[in-house]
Amino acid sequence: VFNSTELKDIEFIRSYYYNRLEFVRFSSSVGKFVGYTEFGVKNAEYWNNNPSVLAAMRAQKETYCKHNSEIYYTNVLTKSVKPSVRLHSMTPPGGHHPAMLVCSVYDFYPKQI
């Protein structure tokens, strides 16, 4: 999860699922595994008691997220697409105004424009 290339603004999350149910998750914000089912709690306890597993997961934010967020910002998120604008006059049904202008904007990126 990121909204900038700054490492402090990035959260690394690794979730484990079985039958579409998340049973355990590692979050860099929490710094450890959290279990959501009985099986997940057992796995989280086992992994949290293993310093090498925790160190490897904590390093993922730096090695995986930082690298990939820079690629996305450089190649995707800094780009934009000009909007397509359509302006037309419309008579509102049962309104008190004889006409109104409708401005429709399509096909643009990023959506904050």
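Listing for the model above:
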| read-out | value |
| --- | --- |
| Sparsely packed trypsin sites (Lys or Arg not before Pro) within segment 1-71, loop by DSSP, other Cβ within 10 Å at most 15 | 20 |
| Theoretical gain in end-to-end length, residue 86 to residue 11 [0.36 nm per residue, Cα-Cα removed] | 23.0 nm |
| Diffusion constant of segment 1-63 at 20 °C, which comes from Stokes-Einstein with the Kirkwood Cα-pair radius and 1.002 mPa s, µm²/s | 176 µm²/s |
| Other-chain or far-sequence residues with amide H under 5 Å of residue 12's (modelled H) | 28, 29 |
| Distant-in-sequence amide H partners of residue 32 (H built 1.01 Å from N, under 5 Å) | 27 |
| In segment 9-42, chymotrypsin sites (Phe, Trp or Tyr not before Pro) in a DSSP loop with at most 16 other beta-carbon atoms within 10 Å | 36 |
| Difference of contour (0.36 nm per residue) and Cα-Cα distance, residue 106 to residue 49 | 15.3 nm |
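No lab work stands behind these numbers, since they all come straight from the coordinates. None of these values were measured; they are calculated from a predicted model. Please note: Cβ atoms are built from the backbone with ideal geometry, for glycine as well, and neighbour counts cover all protein chains shown.
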